[in-house]
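What follows is one structure encoded as structure tokens, with my remarks underneath.
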């Protein structure tokens, strides 16, 4: 299967590695900065058959890839995805799928009309720990769900944002919740039944004056099935990433997934006694080299299978929209100072421009 990648920044290495692991034919990569393409070619020993393009539209026209991964600034995801879909390409879109619900809807609808697949890169759904928890959830082992909590306690410093000035802007990124925390927010919503009734949120910018957006967000969520959710996300933790945890509390089960990116089952207690907690903890335990985990390779494998067998990907466009909607609901609630009912309509990160005032110049250290 002919594959191409658009955007050779920080996360692109995981996508290229996943493409190689799944034996895709990497026909081209694209970035407006030639040095980034050169760096990826050298790192992954991409031969002369993998061409580089500064203009991704030219790449689509000349190379005609079947599958394209979009790893650019978040604010460009929708525009580029629409171009790829119009070119007849299946797409893997880095999270978030877009920065507005209108754009997410447009991607989903255009893909249906063109007969191509859309996958949103929420790769943590493929963590061994998360897959085991989902298995228990689908088997009904928790009984009635009471509540779940998602905690993302990470660090992002000045140097991280200086590497790419689009980070932390309303037009191209959003803040901690949209960029760093959306993976665990996705998991919480997915595990708790997906259907949300109401969200109450607060956000603030406590430690990053050079950003437009929040570095702290907290929220309460009421799900339509009567359960509740608690979200805490920040990039203010000193001096480095601390943890990403997901707790699920049910009538007959309690589970905790932890580690830096929910890669480890740390508590496993069920009334049915089907398995031993210590054995589950020992077996479902991964230690990835960074917070991106090992999920990209199975995500790619699933997308390839979905294309070949004409089925929906495990993490499709609708899943990406639901995660986006949760973050936008928190933003909207925080901005308006009141609870927000779901579903949302016509909400975008651009609705919150000026919420925390102007950012300081990234040109010099604060």
key: Cα centroid separation - segment 5-25 against segment 220-238, whole Å   = 31 Å
note = Note to self: C-alpha centroids of segment 35-104 and segment 128-187 sit apart, in Å, by 23 Å
query = Any idea what the relative contact order of segment 121-270 is, in percent, if you count C-alpha pairs under 8 Å spaced at least 6 apart?
reply = 33 percent
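I'd like the projected area of segment 9-81, averaged over all directions, using the convex hull of its alpha carbons. Report it in nm² with one decimal. Can you show the working numbers first?
Values: hull surface 18.8 nm².
Seen from a random direction, the Cα hull of segment 9-81 projects 4.7 nm² on average.
FRET efficiency for residue 195 and residue 242, Cβ-Cβ distance as r, R0 = 35 Å, nearest 0.05? Can you show the working numbers first?
Details: r = 31 Å, r/R0 = 0.89.
So, using R0 = 35 Å, E works out to roughly 0.70.
As a footprinting exposure proxy, order 325, 35, 283, 243 by other Cβ within 10 Å, with the fewest listed first. The partial results should precede the final answer.
Details: 325 21, 35 9, 283 12, 243 16.
Lowest to highest Cβ neighbour count: 35, 283, 243, 325.
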task = With springs connecting C-alpha atoms under 10 Å apart, model the chain as a Gaussian network and identify which of 295, 193, 174 has the largest mean-square fluctuation.
result = 193
task = Subtract the Cα-Cα distance of residue 166 and residue 64 from 0.36 nm times their separation in residues, and report this length gain in nm to one decimal.
result = 33.8 nm
note = PRE zone check, label point 7 Å out along Cα-to-Cβ of residue 350, amide N under 19 Å, scope segment 68-92, hits 72-83
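Using alpha-carbon pairs under 8 Å, 6+ residues apart, how would you state the relative contact order of segment 206-304 in percent? If you can, show how the numbers build up before the last one.
Values: 126 pairs, mean separation 14.6, N = 99.
That works out to 15 percent.
Can you compute the equivalent ellipsoid semi-axes for segment 87-160, i.e. the square root of 5 times each eigenvalue of the Cα gyration tensor, sorted largest first and rounded to whole Å?
Working: eigenvalues 168, 96, 34 Å².
Semi-axes (√(5λ), whole Å): 29, 22, 13.
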request  = Over segment 56-173, calculate the relative contact order: mean separation of alpha carbon pairs under 8 Å at least 6 apart, over the residue count, as a percent.
outcome  = 24 percent
ask   = Per the Kirkwood formula on distinct C-alpha pairs, the Rh of segment 217-366 is how many angstrom?
value = 19.2 Å
note = When the chain is treated as a Gaussian network with springs between alpha carbons less than 10 Å apart, the largest mean-square fluctuation among 69, 271, 257 is found at 271
message = Test of understanding: what is the full-extension gain from residue 144 to residue 159, defined as 0.36 nm times their sequence separation minus their Cα-Cα distance?
response = 0.9 nm
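Which FRET efficiency value, to the nearest 0.05, do you get for residue 312 and residue 287 by plugging their Cβ-Cβ distance into 1/(1 + (r/R0)^6) with R0 = 45 Å? Numbers along the way, then the final one.
Values: r = 31 Å, r/R0 = 0.70.
Computed FRET efficiency for residue 312 and residue 287: 0.90.
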query = Fewest to most neighbouring Cβ within 10 Å: what's the order for 32, 107, 152?
reply = 32, 107, 152
Packing rank of 39-50, 121-132, where each peptide gets the mean count of other beta carbons within 10 Å, highest leading = 121-132, 39-50
ask   = Cα-based Rg (one decimal) and Dmax (whole number) for segment 202-293, in Å?
value = 16.5, 51
task = Treat the chain as a sphere of radius equal to its Kirkwood radius over Cα pairs and apply Stokes-Einstein at 4 °C in a medium of 1.567 mPa s; give the translational diffusion coefficient in µm²/s, rounded to a whole number.
result = 62 µm²/s
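Using Cβ counts within 10 Å as a stand-in for footprinting exposure, how do 211, 344 rank, fewest first? Each step should come with its number before you reach the end.
Working: 211 23, 344 16.
So the ranking, lowest neighbour count to highest, is 344, 211.
Each reported figure results from applying straightforward, stated rules to the coordinates on display, with no laboratory input. None of these values were measured; they are calculated from a predicted model. Glycine gets a Cβ as well: all are built from the backbone with ideal geometry, and neighbour counts include every protein chain shown.
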